[in-house]
Amino acid sequence: MNFFGHAALAASHFAGAPSERELSTLCVGSMLPDFIGMLRLSRPTLDDAVLARGVAFHHRTDEVFHDLPGFHRLSRQAFAWLSERQLPRGPARAVAHIGIEMLLDEVLAGEQRARDAYRAALEVPLGPLLTFPVPADAERLATLQRALLGRAATERAPAAELVAERIVRSLSGRPRLATDEAGRQLLGGWVSVTRPLVAAEAPEVFATLREQLANFGRAE
């Protein structure tokens, strides 16, 4: 899952949290590992139990999600489609993973509650809740939160070309996975073809995921 998807799933899983503040902290915790990876931050010490619970939920969600038959079906279909059109093996495999996750995020983004929870989570100040070995990393993380909050979108289905551009940017830092302009145009076509397949598979994917996560990390 991508960070938006993690926040959306945490929002529904922990919907019975005692307060909106606790729910938001759980949601931002569920996004934190992705933020750390995106920025290549040092690994922080988590000083808040609620935040730590959100982080644990992130890791368990990924464990379950990556074993789901629906996710594997979509990934295989994506890899086959892209390979048939001559996208190199490395980028094709990467797109078949991260691209499917982005399109599943779009399905979750259709829920107002998920969008509201995401924005509320981005507003949580993380500085008092964790400690970085490299102090400057705290400000880098806060800057990312502000940037994401500033451009938090409410649209369910951005243009296929925009999704393709996001995928290209996500892979651009890894030379073996990066693609060129021709690859970007190919991805735009792939997004258009794959969206309805993901939308059809999504109810089963999320129902199974939520069922397997049902008893995880709830407050005593």
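Descriptive notes on the structure:
- Of all residues in segment 190-220, those satisfying the criterion of being touching a residue at least 40 places away in the same chain (Cβ under 8 Å), in a helix (DSSP H, G or I) and of a type in the set (Gly, Ala, Ser) are ALA199, ALA202.
- Test result for GLU111, closer than 15 Å to GLY5 by Cβ and among the charged types (D, E, K, R): yes
- Note on segment 61-70: residues that are surrounded by 15 or more Cβ atoms within 10 Å (Cβ to Cβ) and either among the basic types (Lys, Arg) or closer than 11 Å to VAL205 by Cβ (or both) amount to 4.
- ALA121 assigned to a helix (DSSP H, G or I) and either without any contact (Cβ under 8 Å) to a residue 60 or more places away in the chain or among the β-branched types (Val, Ile, Thr) (or both): no
- Members of segment 71-92 found to be touching a Phe, Trp or Tyr at 6+ places or on another chain (Cβ under 9 Å), touching a residue at least 40 places away in the same chain (Cβ under 8 Å) and either crowded, with 19+ Cβ neighbours inside 10 Å or assigned to a helix (DSSP H, G or I) (or both), listed by number: PHE71, ALA78, TRP81, LEU82, LEU87
- Selection of segment 166-188 for residues being assigned to a helix (DSSP H, G or I), without any contact (Cβ under 8 Å) to a residue 40 or more places away in the chain and over 16 Å from the mean Cα position of the chain (by Cα) yields GLU181, ALA182, ARG184, GLN185, GLY188.
- Test: GLY54 is free of Cβ contacts under 8 Å to residues at least 12 places away in the same chain and either over 23 Å from LEU171 (Cβ atoms) or of a type outside the set (Lys, Arg) (or both): no
Computed from the coordinates by the stated procedures, all read-outs in this text should not be read as laboratory data. Computed from a prediction, not measured in an experiment: that's the story for all the values here. All Cβ positions, glycine included, derive from the backbone under ideal geometry; neighbour counts span all protein chains shown.
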